[in-house]
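Here is the structure we will look at, set down as structure tokens.
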Amino acid sequence: MTDPTQESRMLRDPYPAYAAMRSACPVQSMPAGSGGRANYLVTGYAEAREALGDARLSKDTRAFFKGKGSRRRLHPAVAHSMLATDPPEHTRLRKLVTKAFTTGAVTALRPFITRVTDELLDQWPVGDPFDFVAGLAVPLPVIVICELLGVPQDDRPDVQRWSGDLFAAGKSDVIDAASHSMADYMTGLIAAKRMNPGSSLLDQLIAARDGDDRLSEEELVSLAVLLLVAGHETTTNFLGNALLALFQHPAQMDRLRENPEDIPAVLDELLRFDPPVSTATFRYTTEAVTLGGTEIPADTPVLVSLAGANRDPKRFVSPDLLDLDRDASAHLSFGHGIHRCVGAPLAKAEAEIALRAVLSRFPSIRLAVPPEGLDWRRTRLVRGLTSLPVVA
């Protein structure tokens, strides 16, 4: 059985464990899972970057699990999203959504993001403890991505709940049920938008599906679900992790408070220091691959630790130090290669606007509890706080 104390320690601060594994071997086999075959974990930066860009490491889960059997009942739209495809299928799907997250498209969204941020901060109590995650880190990106996709306001609490359930580690029944709830909802929303077309990103994807058949119906639903979930999960965790890192480095907090114009330039270091996604999504070898001197057999799952790679001293000097003067642009927090997070520009814009507003409006903001008392989400895939009690 898993030691709950050890698990809690790993969730709170996984970096000593990553360092120990990386020091022993940057690519190593892990204990066999239920399928009887060991997975391989990558914790070194050079090896992680290589793995993320190696076409021999496939993301096609449909091909990997074919014939292997599974008791899971994930909705196909969730199980086989764009994240679980290889070129040319992945190239075709990614092209359809990339234009929504270009620099120009995100710049056009900035006034809306700023307005939503200010409205949320207007509701903060002053002088009393409250939860930063519930008060800003969750609602801001949820509102933005729902607005982008055209999700009605009354439906957003359900969308938020289902999205959280999709990351309920160790609760496969909860995850599976949430996948069906989310996919069924998006199927209904797509049908409603066909009856009443608008100008949202989802309407544009429907037009691509219905216009020249570049999308199947399953692909349309799958893209909608993926954009909805990925569009806010990463930013929610990024905001909480970034603010906590600044609380724990008060001199750096003071610098940004006094020089808010520096915030855009330090986002990469905040992402490197404690990334919102700990482990990249599923990959497996299509043939034997040698990575970091370790031979990985064909048809073997490979887990790439983005968090571990970002703290590799061979790539970043004094990696356990938050250094806002560091050039951290090579971090792997958004992945690397053809699968790099398409929504990265939007996540960074939301974080910049939110952090600037918080530090300017609440210059005395502080933690309301000791850091060791904070509760982290119980999942190894994403890294984020369930709550962050603060006093503004």
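Tabulated results
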item: Residue match in region 319-328 (condition: closer than 16 Å to residue 269 by Cβ, surrounded by fewer than 14 Cβ atoms within 10 Å (Cβ to Cβ), touching a Lys or Arg at 6+ places or on another chain (Cβ under 7 Å) and acidic (Asp, Glu)); result: yes
item: Near pairs, Cβ below 8 angstrom, 6+ apart or cross-chain, from region 60-73 (farther than 18 Å from residue 178 by Cβ) to any residue that is modelled with pLDDT under 75; result: 68/35
item: Yes/no for residue 218 being more than 25 Å from residue 28 (Cα to Cα) and surrounded by fewer than 17 Cβ atoms within 10 Å (Cβ to Cβ); result: yes
item: Count - residues of region 161-202 that are more than 13 Å from residue 75 (Cβ to Cβ) and among the acidic types (Asp, Glu); result: 1
item: Residues being at pLDDT below 90, of a type in the set (S, T, N, Q) and surrounded by fewer than 21 Cβ atoms within 10 Å (Cβ to Cβ) - total across region 161-193; result: 1
item: Selection within region 194-218 - in contact (Cβ under 8 Å) with a residue 12 or more places away in the chain and under 19 Å from residue 93 (Cβ atoms); result: 200, 201, 202, 203, 204, 205, 206, 208, 210, 214, 215, 218
item: Any hit, region 168-175, residues being more than 16 Å from residue 221 (Cα to Cα), in contact (Cβ under 8 Å) with a residue 40 or more places away in the chain and acidic (Asp, Glu); result: no
item: Boolean, residue 51 is surrounded by fewer than 16 Cβ atoms within 10 Å (Cβ to Cβ), within 30 Å of residue 314 (Cβ to Cβ) and either of a type outside the set (A, V, I, L, M) or modelled with pLDDT of 90 or more (or both); result: no
item: Strands (runs of 3 or more DSSP E) within region 273-392 that include 1 or more residues β-branched (Val, Ile, Thr) and farther than 17 Å from residue 244 by Cα; result: 283-285, 289-291, 294-296, 301-304
item: Leading residue by the ranking (modelled with the lowest pLDDT) among those in region 107-159 that are out of contact with any Ser or Thr (no Cβ under 9 Å at 6 or more places or on another chain), of a type in the set (Val, Ile, Thr) and surrounded by 12 or more Cβ atoms within 10 Å (Cβ to Cβ); result: 159
item: Residue in region 99-109 that is in contact (Cβ under 8 Å) with a residue 24 or more places away in the chain, closer than 16 Å to residue 216 by Cβ, among the aliphatic types (A, V, I, L, M) and part of a helix (DSSP H, G or I) present; result: no
item: Selection within region 354-370 - in contact with a helix residue (DSSP H, G or I) (Cβ under 6 Å, 6 or more places away or on another chain) and surrounded by 21 or more Cβ atoms within 10 Å (Cβ to Cβ); result: 354, 355
item: Residue match in region 65-79 (condition: out of contact with any Phe, Trp or Tyr (no Cβ under 6 Å at 6 or more places or on another chain), modelled with pLDDT of 85 or more, surrounded by fewer than 18 Cβ atoms within 10 Å (Cβ to Cβ) and assigned to a helix (DSSP H, G or I)); result: no
item: Within region 231-270, tally of residues that are among the polar types (S, T, N, Q) and closer than 17 Å to residue 357 by Cβ; result: 3
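The values are calculated or read from the model by the stated rules, or taken from the named source; none is laboratory data. Just so we're clear, the structure is a prediction, and the values are computed from it rather than from any experiment. Reconstructed Cβ throughout: ideal geometry from the backbone, glycine too, with neighbour counts over all protein chains shown.
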